[in-house]
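The values are calculated or read from the model by the stated rules, or taken from the named source; none is laboratory data. Remember, it's a predicted structure, so these values are computed and weren't measured experimentally. So basically every Cβ, Gly included, is an ideal-geometry build from the backbone, and we count neighbours across all protein chains shown.
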Amino acid sequence: MITTLNSLLETTGAATAAQPGMAEMIPSLVMMVAMIVVFYFMLIRPQKKKDKAVKDMLNALKVSDRVCTIGGIYGTVTGLKDDTVTLAVGAQKTSMVFARWAIRSVEDAPLENDSEALV
């Protein structure tokens, strides 16, 4: 058992001596850090900004806002609860209930577009 430990220590000692020095590893470490920084500023940070904007938009919803859902349904908000939004859709003002996260955007379109006939 002791001879096995001694031989293991000798082989690991020889392997560490054969490994490249720290000075040779610095350029690759700098490149790794640079890649992480680039990924942060190009992917992670913009996504966090977008998520924050969507969260703010959903929290700012109010009755009579014109919205578009993720399914492409346009309607007017008639009621708000914690996690649900009630929309009036179409010329007959059909009431539909959606999850709050299903609202894609608040539209600036005027309310008169609801009564136009589809061709």
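Looking at the stretch 45-59, is at least one residue of a type in the set (Lys, Arg) and within 19 Å of PHE98 (Cβ to Cβ)?
Taking every residue of the stretch 45-59 in turn, at least one turns out to be of a type in the set (Lys, Arg) and within 19 Å of PHE98 (Cβ to Cβ).
Selection of the stretch 59-92 for residues being touching a residue at least 40 places away in the same chain (Cβ under 8 Å) and in contact with a Phe, Trp or Tyr (Cβ under 8 Å, 6 or more places away or on another chain) yields ARG66, VAL67.
Comparison of ASP82, ASP65, ASP51 shows that the only residue that is among the acidic types (Asp, Glu) and surrounded by fewer than 10 Cβ atoms within 10 Å (Cβ to Cβ) is ASP82.
What about SER115, is it surrounded by fewer than 14 Cβ atoms within 10 Å (Cβ to Cβ), more than 19 Å from MET57 (Cβ to Cβ) and modelled with pLDDT of 95 or more?
Answer is no for this residue.
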